[in-house]
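I have placed the structure first, in the form of structure tokens, so that the comments after it can refer back to it.
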Amino acid sequence: MDITSLKYFVKICQNNSFTKTAKELFITQQALSRRISKLEKEIGAPLFNRNSRGVDLTELGRYILPRAEALVRAYDDLIADINSKIEREKARIRIGFAPGTLQILGVKAIIEFEQKHGDINIDIAEFSDVDCESNVLNGNLDLALTVKPKDVNGFKYYHLIRERLVAIINKKNPLAHRDSVKFEDLKNERFILLTDTFRIQPVILEHFYKAGVVPNVYFKSSHDLKVAYDFVALNKGISFLWISLPI
């Protein structure tokens with residue numbers, strides 16, 4: 001006598017039908033009947049009276065049903081408890097992603113890694129570069145992917161990807177027809193930049209400084225890269241993004 005046979009027995013009793021139960025279990029009615037016949041043979045007596053209206057429990061079947069239901073519940077509770085314990089004992093890694101970095105790495109890569117390593121759960125969240133760093137320092141994150149960490153002495157970090165910085169220019173701007181532009185070429189333009197919570201911001205300002213250009217800032221976005229792109233689409237200024245980021 002196995003737990004699957006008892007589950008089938010209980011399900012048939014609930015549905016009062018072999019046909020309906022077979023459909024719910026995605027097995028053939030013949031396979032279900034064979035399973036119950038084997039159970040009846042092991043018990044040594046029939047559990048059902050078959051008739052044109054369906055099935056009725058025999059006296060022995062009525063006696064066994066509540067006990068079978070209790071066994072099935074106990075088994076399901078045991079399996080759920082085991083799975084819960086395994087889940088609790090998995091290593092949990094908390095990773096923070098600065099805006100755009102998750103798109104570069106790809107969600108698929110994270111899911112595949114988690115599936116390959118069944119003993120690891122990965123919690124992911126997006127923060128600004130600054131918040132990623134502070135959350136790593138205070139222990140809320142185990143690691144983070146950011147752009148050029150500022151406090152290089154406070155972290156152990158690795159360069160994963162080096163991306164080219166690109167200027168995003170409206171098609172109506174004459175500069176849009178060039179193959180490339182230098183920061184010196186941008187001295188008369190307005191800019192849509194990001195706030196200092198994005199590590200790319202000081203990188204851009206450093207390029208302006210080296211080119212001797214004081215940027216005329218039209219707007220600074222504090223959290224959304226797409227906002228900067230939308231302003232460029234409205235021809236309100238020039239912005240900067242990484243070449244691999246989808247727009």
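Quick notes
- Any hit, segment 37-58, residues being polar (S, T, N, Q), assigned to a helix (DSSP H, G or I), surrounded by 11 or more Cβ atoms within 10 Å (Cβ to Cβ) and at pLDDT 90 or above: yes
- Filtered residue count, segment 62-82, keeping only those that are open to solvent by less than 60 Å² (accessible area, probe 1.4 Å), free of Cβ contacts under 8 Å to residues at least 12 places away in the same chain and under 19 Å from N16 (Cβ atoms): 0
- Of residues in segment 88-115 being under 15 Å from the mean Cα position of the chain (by Cα) and more than 29 Å from R164 (Cβ to Cβ), the one surrounded by the fewest Cβ atoms within 10 Å (Cβ to Cβ): Q115
- Scanning segment 136-168 for residues that are closer than 29 Å to I192 by Cα and either within 20 Å of the chain's Cα centre (by Cα) or basic (K, R) (or both) yields A144, L145, T146, K148, K150, R162, R164.
- Criterion: surrounded by 11 or more Cβ atoms within 10 Å (Cβ to Cβ), more than 23 Å from F97 (Cβ to Cβ) and not charged (D, E, K, R) - qualifying residue of Y209, Y229, Y157: Y209
- Test for Q14: is it assigned to a helix (DSSP H, G or I), open to solvent by 50 Å² or more (accessible area, probe 1.4 Å) and modelled with pLDDT of 90 or more: yes
- Qualifying residue in segment 186-200 (condition: modelled with pLDDT of 90 or more, among the hydrophobic types (A, V, I, L, M, F, W, C) and touching an Asp or Glu at 6+ places or on another chain (Cβ under 7 Å)): no
- Residue check, A22 under 30 Å from I120 (Cα atoms) and open to solvent by less than 90 Å² (accessible area, probe 1.4 Å): no
- Residue match in segment 162-182 (condition: open to solvent by 80 Å² or more (accessible area, probe 1.4 Å) and of a type in the set (V, I, T)): no
- Residue check for L193: closer than 27 Å to C132 by Cα and open to solvent by less than 30 Å² (accessible area, probe 1.4 Å): yes
- Residue satisfying all of: in segment 119-135; β-branched (V, I, T) and under 17 Å from the mean Cα position of the chain (by Cα); modelled with the lowest pLDDT among these: I120
The values are calculated or read from the model by the stated rules, or taken from the named source; none is laboratory data. Predicted, not measured: the structure shown is a model, and the values here were computed from it. Reconstructed Cβ throughout: ideal geometry from the backbone, glycine too, with neighbour counts over all protein chains shown. We work out accessible area using only protein heavy atoms, side chains counted, and drop any ligands, DNA or RNA first. Shrake-Rupley method; radii C 1.70, N 1.55, O 1.52, S 1.80 Å.
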